[in-house]
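K.L.:
Can you read through this structure? Questions will come right after.
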Amino acid sequence: MITLYDLAGADDRLRFSPFCFRVKLALLIKGLAYRVERVRFVDKDKLAFSGQGLVPVLVDDDLVISDSWKILQHLDQHYPASPQLGADRASASLDFLRFWCDRALHAAIFRIAAPFVHAQLTPEDQTYFRSTREARLGKTLEAIAAERPQHVAHLQLMLEPLRGLLSTHAFIDGAAPGLGDVVIYSAWLWAEAAVPFALREPNDPIAAWLDRVRQQWPLSAINV
Ligand SMILES: N[C@@H](CCC(=O)N[C@@H](CS)C(=O)NCC(=O)O)C(=O)O
């Protein structure tokens, strides 16, 4: 039995963690059944058994694994008969993509999404989110919201290499979707869940790629 601890908004159905999306996509690709345990930001006691306070946490029988990449590696090692994700393969370009996503793309999306995420949390989570995120940003959520046009412009510039890639390849991994697509699609699902306007541009190769990945991995199959 696999259990995934996933972050939820005030509405239980609202899921917005990019790292949890990454794991849910991996479970979908591998065809593994699982149940979800919803947690909110302040539910640290629910995660205490994992020895840390972040989601995703995956419980696979008696094994407890946190950190999305370690979870993906575990799934490949533990379920070798199902499609391999390749999180274990030594690929410098995949590592670059993952670190670019986690350290740059997420930060750019966060500056746009944070005020919208805040608005969709329980009152207890709002207090926690405001204090931790304002400390991280060095400014208030209202100040970051007022700067939105410049953060959207910054994100659009950051996405240019992705547009170049997707003008010449159907998927981030090339002819077929792979782990690179999982990494970026997870970030995009977070943005779409939180931000009430489209981040893609007119005639954007990213939009055509999104159509293709959505056919492969529909949201209805990801948010169980
Ligand atoms: N490196 C970790 C990052 C996990 C992470 O940052 N999770 C966020 C949600 S997207 C979290 O649990 N935040 C809780 C908090 O800030 O208290 C991974 O890849 O799983």
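K.L.:
Quick check on the chain: helices-only [θ] at 222 nm, where DSSP H runs of length 4 and up contribute -39,500 (n - 2.57) each and the sum goes over total residues. Nearest 500, please.
P.N.:
-16500 deg cm²/dmol
K.L.:
Rounded, prolate or oblate: which one fits segment 1-73, using the alpha carbon gyration tensor with axes a ≥ b ≥ c (rounded when a/c is under 1.5, else prolate when a/b beats b/c, else oblate)?
P.N.:
Since a/c reaches 1.5 but b/c is at least a/b, the shape of segment 1-73 is classed as oblate.
K.L.:
So what are the ³J(HN,Hα) numbers for segment 159-170, from phi and the Karplus equation (6.51, -1.76, 1.60; θ = phi - 60°), rounded to whole Hz, Gly and Pro as x?
P.N.:
Couplings: 7, 4, x, 5, 5, x, 4, 7, 7, 10, 10, 5 Hz.
K.L.:
Rounded, prolate or oblate: which fits the chain when a ≥ b ≥ c are the square roots of the eigenvalues of the alpha-carbon gyration tensor, with rounded for a/c under 1.5 and prolate only if a/b beats b/c?
P.N.:
oblate
K.L.:
Sticking with this one: Calculate the dipole size of the chain relative to its Cα centre from +1 charges on Lys and Arg beta carbons and -1 charges on Asp and Glu beta carbons; express the result in debye to the nearest 20.
P.N.:
260 debye
K.L.:
Search the structure for amide H atoms under 5 Å from the amide H of Glu37, placed 1.01 Å from N in the peptide plane, and list their residues when 5 or more places away or on another chain.
P.N.:
Result for Glu37 returns Leu4, Tyr5, Asp6.
K.L.:
Follow-up question, since we're still on this one. Give me the net charge of Ala175's neighbourhood, meaning all other residues with Cβ under 15 Å from the Cβ of Ala175; Lys, Arg count +1, Asp, Glu -1. Intermediate values should be presented prior to the final figure.
P.N.:
Details: positive: Arg212; negative: Asp173, Asp181.
Once positives and negatives cancel, what remains is -1.
K.L.:
Just the number, please: carbon plus sulfur as a percent of the accessible area of segment 1-44, 1.4 Å probe, no ligands or DNA/RNA counted.
P.N.:
Result for segment 1-44: 52 percent of the exposed heavy-atom area is carbon or sulfur.
K.L.:
Can you give the local net charge around Glu134? Use residues other than it whose beta-carbon is closer than 15 angstrom to its beta-carbon, Lys and Arg +1, Asp and Glu -1. Walk me through the numbers on the way to the answer.
P.N.:
On the way: positive: Arg111, Arg130, Arg133, Arg136, Lys139; negative: Asp125, Glu142, Glu147.
Once all neighbours under 15 Å are counted, the net charge is +2.
K.L.:
Could you go through segment 40-47 in sequence order and give the Karplus-derived ³J(HN,Hα) for each residue, using 6.51 cos²θ - 1.76 cosθ + 1.60 with θ = phi - 60°, rounded to whole Hz, and x for Gly and Pro?
P.N.:
With the stated coefficients, segment 40-47 comes to 10, 3, 7, 7, 5, 5, 5, 9 Hz.
K.L.:
For segment 27-34, in order, what is each residue's ³J(HN,Hα) by Karplus, 6.51 cos²θ - 1.76 cosθ + 1.60 with θ = phi - 60°, in whole Hz (x at glycine and Pro)?
P.N.:
5, 5, 4, 7, x, 9, 6, 7
K.L.:
Roughly how many nanometres apart are two label points built 7 Å out from the Cα toward the Cβ at Arg13 and Val152?
P.N.:
My value for the distance between the label points is 2.7 nm.
K.L.:
Chymotrypsin sites (Phe, Trp or Tyr not before Pro) within segment 188-224: which are DSSP loop residues with at most 16 other Cβ atoms inside 10 Å?
P.N.:
Phe197
K.L.:
Using bins 5 angstrom wide from zero, how does P(r) for segment 173-215 break down, in % of all Cα pairs?
P.N.:
Per 5 Å bin, starting at 0, the Cα pair percentages come out as 5, 20, 32, 27, 13, 3, 0.
K.L.:
Could you tally the net charge around Asp12, taking each other residue with its Cβ under 11 Å from the Cβ of Asp12, Lys/Arg +1 and Asp/Glu -1?
P.N.:
+2
K.L.:
Shifting gears a bit: Calculate, in nm to one decimal, what Val64 and Ala92 gain on full extension: separation in residues at 0.36 nm each, minus their alpha carbon distance.
P.N.:
Between Val64 and Ala92, full extension yields 7.3 nm more.
K.L.:
A follow-up question, please. Could you report the accessible area of Phe49 in Å², rounded to 10, computed with a 1.4 Å probe on the protein chains as they sit in the structure?
P.N.:
90 Å²
The values are calculated or read from the model by the stated rules, or taken from the named source; none is laboratory data. What you see is a predicted model; the values in this text were computed from it and never measured. Quick reminder, even Gly has a Cβ in these numbers, built from the backbone with ideal geometry, and neighbours come from all protein chains shown. Side chains included, ligands, DNA and RNA excluded: accessible areas come from the protein's heavy atoms. Shrake-Rupley method; radii C 1.70, N 1.55, O 1.52, S 1.80 Å.
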